[in-house]
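Before any comments, here is the structure.
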Amino acid sequence: MSEQHAAPAAGQADPAARSGAATAPSASAAAAPAMESEEELSFIAPRRGSAEEMLDAHAGDPLDPMRHSAAHVMAQAVLELFPDARLGIGPAIRDGFYYDFELPRPLTPDDLSAIEERMRASVAANQPFVREELEPDAGRQFFVDRGQPYKVEILDDLRAAAASAGEPEPVVSTYQHGDFIDLCRGPHVESTGRIGPFRLLSVAGAYWRGDEKRPMLQRIYGTVWANQEDLDRFIWRREEAKRRDHRRLGLQLDLFSFHDVSPGSAFWHPKGQRLWRTLETAMRELQERRGYQEVSTPILVSKKLWEQSGHWSHYADDMFKLEAEGQTFSLKPMNCPESTFIYRSRVRSYRDLPLRLAEYGRLHRNERSGVLHGLTRVRHFVQDDAHIFVRPDQIGSEIEALLGEVTESYSWFGLEPHFTFGTRPEKALGDPALWDRAETLIREALERSGVQYRIKPGDGAFYAPKIDIQIEDALGREWQTATIQVDLVMLPERFDLTYVDEEGHLQRPIAIHRAIYGSLERFIGVLTEHFAGAFPFWCAPVQAVVVPIASRHNDSAAELAALLRARGVRVEVDDSDSRMQNKIRLAQEQKVPYMLVLGDREIQARSVAVRTRAGAQEPPIGWEALAERLAAEAAARRP
RNA sequence: GCCCACAUAGCUCAGCCGGCAGAGCACUUCCUUGGUAAGGAAGAGGUCAUCGGUUCGAAUCCGAUUGUGGGCUCCA
């Protein structure tokens, strides 16, 4: 970045941009006056704690008929226990199924085992599934008679949908097994005996049709597999996920904690902060190298800013607000609008662009209490945000560079990014021709970069086509982390950003919003689960523990530690009274990459015996050689 | 926010049908100076989340509050 001067400019950005991070979902920003408020809110309040669930939309599994059949069998069992139960829906889902019920009382764990028992009886009876088709009116009457208003509603909706699409009345199909009949499109397995090993997992509240204004039903989740081995593997995966849960590991590894006094905001302990700083330092190094300039903008901002950006009308409830001297302020939930003030602080020339402004902004969002979840769904988080202001002719090369940045930084963790290109949605702001051009440039950049990507038509933000980045962790779960959004209108137009072109005319720049880690909080949560707490050497909070065998070795241990520290190694000495075995055990539990054992033999040779956390024992190595090796390993940033 | 569950020592958890608050780990002290995942002994540590109610008596029963956890349109 060289001769960029800064310039005046304007700008603001959109909220959604940063959404990739902590919040993942949609992006939309607030500013779109024409948008419907619900839609806008969606980006604000990401739907789920873990993106994995969101991203893995259920996509047709050969086990689906069996899973859906299991849901029927479960509904049958529930009806036997609660004859007045009203049935919601009971689809097959990823790894299993659920069914929603309206019941006279809350279900208990005992109920679940009773239901399971009846299900087993049904499976043992091997009752065939029988399909029947009814005239719509007859079908409707059937469910009215059975006291199943939700089924009637579904039927009515189907008929209404068909009518409005100009299609003929839909045929109503039911499936029966035993004495249980359900409205159902099918298909099913031939008989209940074909249902594999299953287990009921949990009960949860679920709004009818996901609408908080509709009744709250009770949802029972279950899982079912083709054979016992698959079921066992699934159960193992769940348990492994629990073992890797970043909330548990965060405590065990002394990284962070949460406290009543600030729900949804982590307290970072020294080790967690060390990890954090290491990640941030690596990203800063990359950004320096790639021509970014770091900025910092206020956390407390007048509501005037959000009124100008358009966020206030739709987003106000999701911001923390406060009053001072008669003015209303809020804690910023996103960085973008403020970056435009820096852009506009002077006149910008075409020579200034691309202007890459990075900011580790501390953001606050007033997430509803019920959705908070460890580090993945928080009220306070830091985003490795950047706003890049470019000329239209620079979009392609800039996108290409960004894809390279994502690939490079994720390689530090051995993570392979997956790219999803979201194109123009139905409701989009801005000139369609500009959209087409931007999309073409993005597609070309994706092609040139040679990365694998998929296209999600209509999934762009309403003001910008975007590239979302997902990663798959060690358990095969997908997480959304990074996002790149090409903002054609939001920041540039609402904040009237300009630059002077070669001929002295004012032109409109394009703003690219991007976050690579996304939210540092969330990213650390994902890394913790991915590595099960055993972070790669380069970013491990404690990289090595020196283990003196007896107390007479403590002085040498301190000397070795000082030598390593001087080379930038994060090292601790365990000079407690414990036996060596115990010291090693504790270091293993803390997932420290290297244990450096020092006894008489080593000290005499000014060497040290290295044990890795994988359990390997290496031959003694000289202190200097070890320092060289560790410094080189840290610099390499390998997973 | 809503439904359900949970909240006991720093951590993990016992504590039945109300009757003097427990264990392991961690911590402190002492003994032990030991070669690759737990050496031994003693000690300290709790307003049983908070507030209120029932009761002779509440960690225990009831209610509220706060926090945490599982979820909240993969549409018959």
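Tabulated data
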| item | result |
| --- | --- |
| Condition met for A:Val571 (free of Cβ contacts under 8 Å to residues at least 60 places away in the same chain, on the phi < 0 side of the Ramachandran plot and in contact with a helix residue (DSSP H, G or I) (Cβ under 8 Å, 6 or more places away or on another chain)) | yes |
| Matching residues, segment A:303-319, being at pLDDT 90 or above and touching a Ser or Thr at 6+ places or on another chain (Cβ under 6 Å) | A:Lys303, A:Met319 |
| Exclusive hit being farther than 27 Å from A:Pro417 by Cβ and at pLDDT below 90, set A:Glu493, A:Glu502, A:Glu478 | A:Glu493 |
| Subset tally (residues that are within 19 Å of the chain's Cα centre (by Cα) and not aliphatic (A, V, I, L, M)) for segment A:257-279 | 3 |
| Count - residues of segment A:342-392 that are out of contact with any strand residue (DSSP E or B) (no Cβ under 9 Å at 6 or more places or on another chain) and surrounded by 24 or more Cβ atoms within 10 Å (Cβ to Cβ) | 1 |
| A:Pro619 vs. criteria away from RNA strand B (no atom under 13 Å from the Cβ) and in a loop (DSSP other than H, G, I, E, B) | no |
| In segment A:270-305, the residues that are within 16 Å of RNA strand B (Cβ to nearest atom) and among the β-branched types (Val, Ile, Thr) | none |
| Given (1) in a strand (DSSP E or B); (2) more than 30 Å from A:Ser257 (Cα to Cα); (3) more than 26 Å from the chain's Cα centre (by Cα), number of the condition A:Ser345 does not satisfy | (1) |
| Output for segment A:586-616, where each listed residue is part of a helix (DSSP H, G or I) and either more than 6 Å from RNA strand B (Cβ to nearest atom) or surrounded by 18 or more Cβ atoms within 10 Å (Cβ to Cβ) (or both) | A:Leu586, A:Ala587, A:Glu602, A:Ile603, A:Gln604, A:Ala605 |
| Yes/no for A:Glu80 being in a helix (DSSP H, G or I), within 14 Å of RNA strand B (Cβ to nearest atom) and at pLDDT 90 or above | no |
| Leading residue by the ranking (nearest to the chain's Cα centre (by Cα)) among those in segment A:180-239 that are away from RNA strand B (no atom under 12 Å from the Cβ) and of a type in the set (Val, Ile, Thr) | A:Ile235 |
| Lone unmet requirement of (1) within 30 Å of A:Arg94 (Cβ to Cβ); (2) without any contact (Cβ under 8 Å) to a residue 60 or more places away in the chain; (3) more than 11 Å from RNA strand B (Cβ to nearest atom); (4) hydrophobic (A, V, I, L, M, F, W, C) for A:Phe267 | (1) |
| Per-region count, segment A:281-316, residues hydrophobic (A, V, I, L, M, F, W, C) and closer than 27 Å to A:Leu403 by Cβ | 4 |
| Subset of segment A:236-264 (residues that are surrounded by 13 or more Cβ atoms within 10 Å (Cβ to Cβ) and of a type in the set (Gly, Ala, Ser)) | A:Ala241, A:Gly250, A:Ser257, A:Gly264 |
| Restricting segment A:574-585 to residues that are near RNA strand B (Cβ under 8 Å from one of its atoms) and touching a residue at least 12 places away in the same chain (Cβ under 8 Å), the residue that is surrounded by the fewest Cβ atoms within 10 Å (Cβ to Cβ) | A:Asp577 |
| Filter result for A:Arg140 (within 13 Å of RNA strand B (Cβ to nearest atom) and not in a strand (DSSP E or B)) | yes |
| Meets criteria (over 28 Å from A:Leu249 (Cβ atoms), touching a helix residue (DSSP H, G or I) at 6+ places or on another chain (Cβ under 9 Å) and assigned to a helix (DSSP H, G or I)) for A:Ser313 | yes |
| So A:Thr174, is it buried (at least 18 other Cβ atoms within 10 Å of the Cβ) and within 13 Å of RNA strand B (Cβ to nearest atom) | yes |
| Any chance A:Leu527 is over 30 Å from A:Val347 (Cα atoms) and away from RNA strand B (no atom under 16 Å from the Cβ) | yes |
| Filtered residue count, segment A:149-161, keeping only those that are within 9 Å of RNA strand B (Cβ to nearest atom), of a type outside the set (Lys, Arg) and surrounded by 14 or more Cβ atoms within 10 Å (Cβ to Cβ) | 3 |
| Cβ-Cβ under 7 Å pairs, at least 6 apart or on other chains, segment A:147-175 side under 22 Å from A:Phe129 (Cβ atoms) and in the same structural domain as A:Gly210 (by TED's automatic domain parsing), far side part of a strand (DSSP E or B) and more than 11 Å from RNA strand B (Cβ to nearest atom) | A:Gln148/A:Arg86; A:Tyr150/A:Arg86; A:Tyr175/A:Val130 |
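The values are calculated or read from the model by the stated rules, or taken from the named source; none is laboratory data. All values reported here derive from a predicted model rather than from experimental measurement. Cβ coordinates were reconstructed from backbone atoms using ideal geometry, including for glycine residues, and neighbour counts include every protein chain displayed.
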